[in-house]
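The values are calculated or read from the model by the stated rules, or taken from the named source; none is laboratory data. Everything quoted here is computed from the prediction, not taken from an experiment. Reconstructed Cβ throughout: ideal geometry from the backbone, glycine too, with neighbour counts over all protein chains shown. We work out accessible area using only protein heavy atoms, side chains counted, and drop any ligands, DNA or RNA first. Shrake-Rupley method; radii C 1.70, N 1.55, O 1.52, S 1.80 Å.
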Amino acid sequence: MTDILRNNWFVVLIAIIIIGFIGYFIYDTNKDNVSAKSSNNEQVVASIDKDDITANDLYDESAPYDGSTIYNMYKNAVIDQSIETTKDIKKQANTLESNIKSNASKQSDDYESTLTSELAKYGYSSFEQLNDYCITSVKEKEMNKKYITKHFDEVKKAWEEKSPRTVSIIKMEVSDADNLTETETKKKNNIDKALEKESFADVAKAFSEDSNTANKKGFAGYVDSDSTNSKTSSDSSSTSTVPADVVTAAINLKKGETSDWVTVTNSSGTSLYRVYVKETDSNKIFNTKNDTVSNQALYAILNSDSSLSYKILDSYAKKLDIKFNDKDTKKKFDNYVKTTYGGDQV
């Protein structure tokens, strides 16, 4: 049940990828000389504005993840103090928490212990802090979205190189793509004729055998060149419900174009697909009112530039008063960041 927290983010926000550990380090060369202070008789190893991180916070369970845990506690504090905890954020966090617990309980009877170990990687000391983790995760998404919205023209280039688009599909199941039965041939021809006269949406609603999209007039959502890493539409780890070969066909089309029939064979059988490209404008995709597509676009942008998350956190952290009062903590933090990003980025 490795990284169950990350995996369950897909469940709540529908194929959205939680961005993993992000390298980051801000310090003043004179910080080495700052004497340690205490809070409730505990040594304070770092402080971010009014939020202290004490030695006891770095409990024994987190030892295997020492550097990353120190960083994540730092990141959590920056996010918490930079983004207001609204009612909507609490609602999203509660939904995320409920789904994590539900899915974790299906995988292990001792899921609380497993989640506690996972939470330790993110800087949380107990299972009771799962909701805090969820709130911070939702707030991180909000922080990233605010920054990207403001700096969209600056950050979109790498993403646009992956040919982002939204697509619709028509699926037809067959027994043998090379030897269609009389019934299958008739249906295939009826679909082709209908597409000559009617919209793709209407034809998909009338003929498509894809249970996930037929009632949405064939709309399958967001794809880009990374979506071809998914082998089949049943791959639950993919951000796309569209088979890789169908995505490839869509990437080669312009807005408003429809592909020829694409054959897809997997463990479920053989199917024929036609795919229609609904939108290719990156600005319209990112700002769509469809939350699923917008969220997928958000994480696709973040994944397209490995330094972007660093830049976003940096922009918010600079507004806070950050101090490291413990040399050893600073060193571990520094080493973790250097290992993650390399010397040129710290």
Set Lys146/Lys319; Lys90/Lys323; Lys289/Lys318; Lys162/Lys284; Lys188/Lys255; Lys121/Lys330 screened for pairs whose C-alpha atoms are more than 22 Å apart: Lys90/Lys323; Lys289/Lys318; Lys188/Lys255
What is the Cα convex hull volume of the stretch 178-319 when expressed per residue in Å³? 128
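Show me the ranking of peptides 161-173, 267-279 by mean Cβ neighbours inside 10 Å, starting with the highest.
Output ranking for 161-173, 267-279: 161-173, 267-279.
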On the accessible surface of the stretch 119-275, probed at 1.4 Å, how many percent belong to carbon and sulfur atoms? 42
Cβ neighbours within 10 Å, averaged per peptide: list 148-159, 300-311 in order, most packed at the top. 300-311, 148-159
Dipole in debye (nearest 20) - the stretch 112-165, about Cα centre, beta carbon charges: Lys, Arg +1; Asp, Glu -1: 380
Karplus-derived 3J(HN,Hα) from phi for the stretch 157-173 (6.51 cos²θ - 1.76 cosθ + 1.60, θ = phi - 60°), whole Hz, x at Gly and Pro, runs 4, 4, 5, 5, 5, 9, 6, x, 6, 10, 9, 10, 9, 10, 10, 9, 7
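Rounded to the nearest 20 debye, what is the charge dipole size of the stretch 279-346 about its Cα centre when +1 sits on each Lys and Arg Cβ and -1 on each Asp and Glu Cβ? Show your work: numbers first, answer last.
Numbers: 11 positive and 10 negative charges, 71 e Å.
The dipole of the stretch 279-346 has a size of about 340 debye.
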Ranked by how many other beta carbons lie within 10 Å on average, peptides 116-127, 176-187 from highest: 116-127, 176-187
Sort out for me the Cα centre separation of the stretch 271-346 from the stretch 99-124, rounded to whole Å. 25
Please list 3J(HN,Hα) in residue order for the stretch 322-327, calculated via the Karplus relation 6.51 cos²θ - 1.76 cosθ + 1.60 where θ = phi - 60°; whole Hz, with x for glycine and proline. 10, 9, 10, 9, 10, 4
Along the stretch 247-264, what does the Karplus equation 6.51 cos²θ - 1.76 cosθ + 1.60 (θ = phi - 60°) give for ³J(HN,Hα), rounded to whole Hz, x for Gly and Pro? 4, 4, 4, 5, 4, 8, 10, 9, 4, x, 8, 10, 6, 6, 5, 10, 8, 10
Kirkwood Rh over alpha-carbon pairs of the stretch 260-346 plugged into Stokes-Einstein at 37 °C, 0.692 mPa s gives a D in µm²/s of 186
Restricting things to alpha carbons, find the Rg to Rh ratio for the stretch 133-228 using the Kirkwood radius for Rh. 1.18
Per residue, how big is the convex hull around the C-alpha atoms of the stretch 71-175? Give it to me in cubic angstrom, could you? 198
